[in-house]
Each structure stands twice: as structure tokens, then as C-alpha cells.
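The values are calculated or read from the model by the stated rules, or taken from the named source; none is laboratory data. Fair warning: this is a prediction, and the values are worked out from it, not measured in the lab. With ideal geometry, Cβ positions are generated from the backbone for all residues, glycine too; neighbour counts draw on all protein chains shown. Each accessible area value is taken on the protein alone, full model and side chains, heavy atoms only, with ligands, DNA and RNA left out. Shrake-Rupley method; radii C 1.70, N 1.55, O 1.52, S 1.80 Å.
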Amino acid sequence: MTPALLLLALAQTSTTTADFGYLLVVTDAQGAIVRVDGRRVGRTPMPTLRLPVGEHEVEVEEIGYGRFVARVTIEKDAFSRIEAVVTPRAIPRISPAERLGIRTDQEGQGAPIITRTWFLALAGVVAAAVVATGFVLASGGDFVPEGELGNTSTRDWERF
């Protein structure tokens, strides 16, 4: 056997031709992690994947979004497409009182008094009264109105 025929025979017996197909993963979450059969293959947007023929599990996951999982069957030399719809997770609403570490419930029953609207309104009225009293005390009682009735003697007041 000549060396060329020997090389040709070895090349035909040693190469195995695996069957492959193609998968395109499309999603609305940019930068999402894509895994195929548990193995990370990239981030979106990504090029078409070349996968062995058969069934595969595809996962798409992004922080702040839900997780998408699907099974796809890849056929020989065929293109498959998955549209992974991942919805944003709801961001919990935190009240100012909860940020301060004050626990409240939805109905306001059992909530601390400082979180109730009527208490905050009352505190505002008391604060305004304290400020007004401070102005009066700071003037020392020598407040004299300006104008027609100001700076007059007591007899002028008797006219009225």
C-alpha cells in the first residue's frame, strides 16, 4: 500500500462526523446569561449557536428579571430559534417609615403612632405654635404697631 493510500484510509476511519444543527436565542433582556444544558455559552445578544443534534435545555437569566427555561430539539443542519421572554421582577415598595426600621402593616392597624397622618398633622400644628410663641417671647413684649394708631398716647385710644 502506498503512503498516500494509507493516509487516505486513516483519514476516512479516524474522523467521526457528528451531526449538528443551529440555535438562535433572542431575548428582550440585553446582557442576559445564556446556558445550554447547564453550561454557560454567553450573554445576549449572541451569535447563532452550533449544537449537536438532539434535545437541549436552554436557560436565559438576568439580574432583575425572571428566569426563562425551555427545551429545544436540534435537527441536523436545521436552524431553530427561541424567543426568551423574561419579565422584570417587581421592585418592592418601601415606605419612609420602613426605611427607618419602623414596621407597619398595609391597613395601618397596629402601626406606630408616629406613622399616622393625624399624628403628623398635630405635630405640625404644635411646631407652628412653638415657633409663634418664640417670636412673641423674643420681642420682649415691646411690640408697637406702625401706622395710624401706632406711637400714640393713651388718650387717642379713648376715642374708640
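One decimal place: the segment ALA121-ARG93 gains 7.7 nm when fully extended, by the rule 0.36 nm per residue minus the C-alpha distance. Here the accessible area of region 42-84 is 49 percent carbon and sulfur, with a 1.4 angstrom probe and all protein chains present. Converting phi to 3J(HN,Hα) with the Karplus coefficients 6.51, -1.76 and 1.60 and the offset θ = phi - 60°, region 44-53 yields 7, x, 9, x, 4, 8, 9, 10, x, 4 Hz in sequence order, with x at every glycine or proline. Highest average first, the peptides 42-48, 26-32 ordered by how many other beta carbon atoms sit within 10 Å of their residues are 26-32, 42-48.
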